[in-house]
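What follows is a single structure, written as structure tokens, with notes after it.
The values are calculated or read from the model by the stated rules, or taken from the named source; none is laboratory data. Keep in mind that what you see is a predicted model, and the values were worked out from it rather than measured. Glycine also receives a Cβ, built like all others from the backbone with ideal geometry; neighbour counts cover every protein chain displayed. Accessible surface is based on the protein model in full, side chains and every heavy atom, while ligands, DNA and RNA are left aside. Shrake-Rupley method; radii C 1.70, N 1.55, O 1.52, S 1.80 Å.
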Amino acid sequence: MESTSHSAPVVFGHLSGNWNRVNLDVYSKWIAACPTTPLIQHSDPDLPVYSVDPESSHARLVAMARELRQAAGVTDVMIACNTSHMNRTRFEEEAGVRMVDMISPTIAACQDGGYQRVGLLCTTRTMEQGLYTSNKCEFMAPTPSDQALVQSIIEECKPVCTPCPQAALGLVVDRLVKRGAQAIVLGCTDLPSLMPPLDPGLCVLDPVHFMVAQAQAQIAEAGRVSMREHSIAPRTISVVGAGIIGLTTAIALLDAGFKVRVCAAAISGSTVVSQTMAGWWIADDEYTTKPRERSWARSSFQTFLEQAHAAPAAGVRKLNGYRLLQEGQGAHELPWFHEFIPSCRALTTEELSKFMQLHPGVVGGWAMEDVLMSPGTYLNWLRDQLFEKGGALMKAEFGNLSQVWEEFPDSGAVINCSGLGANQLDLDDKVYAVKGQTVLVDAPEIDYWLSIAAKKSERNLTGEAARLDGKESVTYMFPAGDGTVLLGGTKRRSELGLKELDYDPEHHVTHQIIQACARVEPRVLTAAVIKAQVGYRPFREGGIRVELEDTGGAQVVIHNYGHSDYGMGVCWGCAFEVVELLQTHLDT
């Protein structure tokens, strides 16, 4: 079937209260930048002021956005209120629409302009939230008395007919410039129409301008999207699951030209499995024995390398480290992936001697420059990528996969990335939870990663007390890049139901993990413990399931779950295969 080009459906709305002055400013800028694109207005004169009552205002804005989505198919909304952006991610999750960013592009403009010190005029609430921060330039607050003056002017001059003491605002700007401000950000949308004429040589940045420019860029990008011409092209692909598997799959689908929504019961927090992952790429023979698995692992490693070079915000970085092996684990053989990772090498005599003295069970191993990440940072980056590429993210809980179509009848296909939830959603009784506990410590002096392959145990226990497949607890240390180090860990099969899982760390296990890591790196004994955490890995008897299911009808289901404890090792490779499966199905 031939390919054709379509414009991805992007519908913009504007949410506001009784802000006549601000509304006029937004619309004048919108007409100038996007003259052929409609902007659907939704105003509520009783909308609480965000800087005064953020929770009530947030709840009403979410409800208004949902009303626009349901009534007019709005996909993106603009909210001309700086303070509201402190809850932007939460808003998008609850409303099911994207919120056009006004903070980040304003900060980027300051950085691109080379301004080292930028004066900030805004409400006290916006100032307290620290929305305008950058490691490349300093955002300067007015003096306390000047800030109180700015706050009072904003409050008193919201009614459009109220006269504004412009001269007073001009003096506040003058004092910021005398303190070294090279530019001024008007961080409250009331301010542009309240300011007096300023020095024409002073750069004044208006976040509303950058918000509209951001929307303009999204419209242009949507016009460039090329979509395969098939029966589900105008419809949305629903991805169930918002962990690393669901988000990477969604992004791969977006990059292939599909419209995507991600829906999950848990979008953030400790109950998202990926939030507590170790955060390193590994694919030795313990994890990848089949050619298909190795292809997934290789694609993932190469993708992470690209992100380490090209996407600093992802937090992926390269770091040298060691994989230590014990008896019966091919201690003198390099892993299969040494063929495409030149840094992979056998331990030197000195390295092996040192580790054998520290840990008598070690008989060999290898070293390499691997890719590591901070799980929280990477998941946040993936969510940002999802939004930037035009995807949606929303909370939704299903009893089975059929309910996805009931809730979202426009679903052209459902991609099941539900992890542990597959036991319920797909009635796959091969899926089970494996409990893992880790410890985060403050140890900036540890600048290498280390993992000791678990030695097989002769024990054959069952239930919560048993080690997975008879393995002992695993020992590893992964620096997070911010001075902290993740220590691990345990792997114990749980027989509890998904809603019964216990996320409370065990104190004695924390002690055991620290002691085990101290055998090979004594410095962890003096490291301050930041926290212990528990997560559950989605294991599956028979391994990972990536396949298209023949439902016997028009509904298309592709499964991508069961990644156990190496989801990071294969996530991108599995995501790319999901895209191939969907495209092949559509072509045939």
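Put simply, of ARG21, ARG90, ARG60, ARG98 the only residue that is modelled with pLDDT of 90 or more, touching an Asp or Glu at 6+ places or on another chain (Cβ under 8 Å) and over 23 Å from ASP410 (Cα atoms) is ARG60.
Taking segment 191-201 as the range and being modelled with pLDDT under 85 and either closer than 21 Å to SER104 by Cα or in a helix (DSSP H, G or I) (or both) as the test, only SER193 passes.
Please work out which residue is farthest from THR377 (Cα to Cα), limiting yourself to segment 552-588 and to residues that are among the hydroxyl-bearing types (Ser, Thr, Tyr) and open to solvent by 60 Å² or more (accessible area, probe 1.4 Å).
Here the residue is THR588.
Can you pull out the residues in segment 439-449 that are in contact with a helix residue (DSSP H, G or I) (Cβ under 9 Å, 6 or more places away or on another chain) and open to solvent by less than 10 Å² (accessible area, probe 1.4 Å)? Those that are in contact with a helix residue (DSSP H, G or I) (Cβ under 9 Å, 6 or more places away or on another chain) and open to solvent by less than 10 Å² (accessible area, probe 1.4 Å): VAL439, VAL441, ALA443, ILE446. For TYR432, the conditions (1) in a strand (DSSP E or B); (2) within 24 Å of the chain's Cα centre (by Cα); (3) not small (Gly, Ala, Ser) are fulfilled apart from (2). Scanning segment 524-540 for residues that are open to solvent by 70 Å² or more (accessible area, probe 1.4 Å) and either touching a strand residue (DSSP E or B) at 6+ places or on another chain (Cβ under 6 Å) or at pLDDT below 90 (or both) yields VAL529, ILE530, LYS531. Does VAL546 satisfy the criteria of being closer than 30 Å to TYR448 by Cα and open to solvent by less than 80 Å² (accessible area, probe 1.4 Å)? Spelling it out, it is not the case that VAL546 is closer than 30 Å to TYR448 by Cα and open to solvent by less than 80 Å² (accessible area, probe 1.4 Å). The residues on offer are GLN515, GLN533, and the sole one that is over 21 Å from VAL578 (Cβ atoms) and in contact with a Pro (Cβ under 9 Å, 6 or more places away or on another chain) is GLN533. If you go through segment 240-262 and pick out every residue that is assigned to a helix (DSSP H, G or I), within 23 Å of GLY399 (Cβ to Cβ) and open to solvent by 10 Å² or more (accessible area, probe 1.4 Å), you end up with 1.
Residue-by-condition table, conditions (1) surrounded by 20 or more Cβ atoms within 10 Å (Cβ to Cβ); (2) under 29 Å from the mean Cα position of the chain (by Cα); (3) closer than 30 Å to TRP296 by Cβ; (4) at pLDDT 90 or above:
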{"site": "ASP502", "(1), (2), (3), (4)": "no, yes, no, no"}
{"site": "HIS507", "(1), (2), (3), (4)": "no, no, no, yes"}
{"site": "GLN515", "(1), (2), (3), (4)": "no, no, no, yes"}
{"site": "PRO522", "(1), (2), (3), (4)": "no, no, no, yes"}
{"site": "GLY542", "(1), (2), (3), (4)": "no, no, yes, no"}
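Among the residues of segment 325-377, which ones are of a type in the set (D, E, K, R) and either in contact with a Phe, Trp or Tyr (Cβ under 6 Å, 6 or more places away or on another chain) or at pLDDT 90 or above (or both)? ARG345, GLU350, GLU351, LYS354, GLU369, ASP370, listed by residue number. Of all positions in segment 342-362, at least one carries a residue that is open to solvent by less than 50 Å² (accessible area, probe 1.4 Å) and in a strand (DSSP E or B). Figure legend. Inter-residue proximity from segment 346-373: first residues on the phi > 0 side of the Ramachandran plot, second residues among the charged types (D, E, K, R) and open to solvent by less than 40 Å² (accessible area, probe 1.4 Å), beta-carbon distance below 7 Å, spacing 6+ or different chains. Indicated pairs: GLY365/ARG323. Being open to solvent by 10 Å² or more (accessible area, probe 1.4 Å) and either part of a loop (DSSP other than H, G, I, E, B) or at pLDDT 90 or above (or both) is a property that SER268 has. If you go through segment 379-410 and keep only what is within 21 Å of ASP428 (Cα to Cα), assigned to a helix (DSSP H, G or I) and open to solvent by less than 30 Å² (accessible area, probe 1.4 Å), you end up with just VAL404. As a summary of the residue check, ILE558 satisfies the conditions (1) among the hydrophobic types (A, V, I, L, M, F, W, C); (2) assigned to a strand (DSSP E or B); (3) more than 21 Å from GLY241 (Cβ to Cβ) except for the one numbered (3). Pairs meeting the criteria (first residue in segment 122-144 and open to solvent by 30 Å² or more (accessible area, probe 1.4 Å), second residue in a loop (DSSP other than H, G, I, E, B), beta carbons under 6 Å, at least 6 apart or on different chains) are ARG125/SER51; MET127/ALA141; PHE139/TYR132. One residue stands out among those in segment 304-326 that are within 16 Å of the chain's Cα centre (by Cα) and free of Cβ contacts under 8 Å to residues at least 12 places away in the same chain: the one that is nearest to LEU352 (Cα to Cα), which is GLN307.
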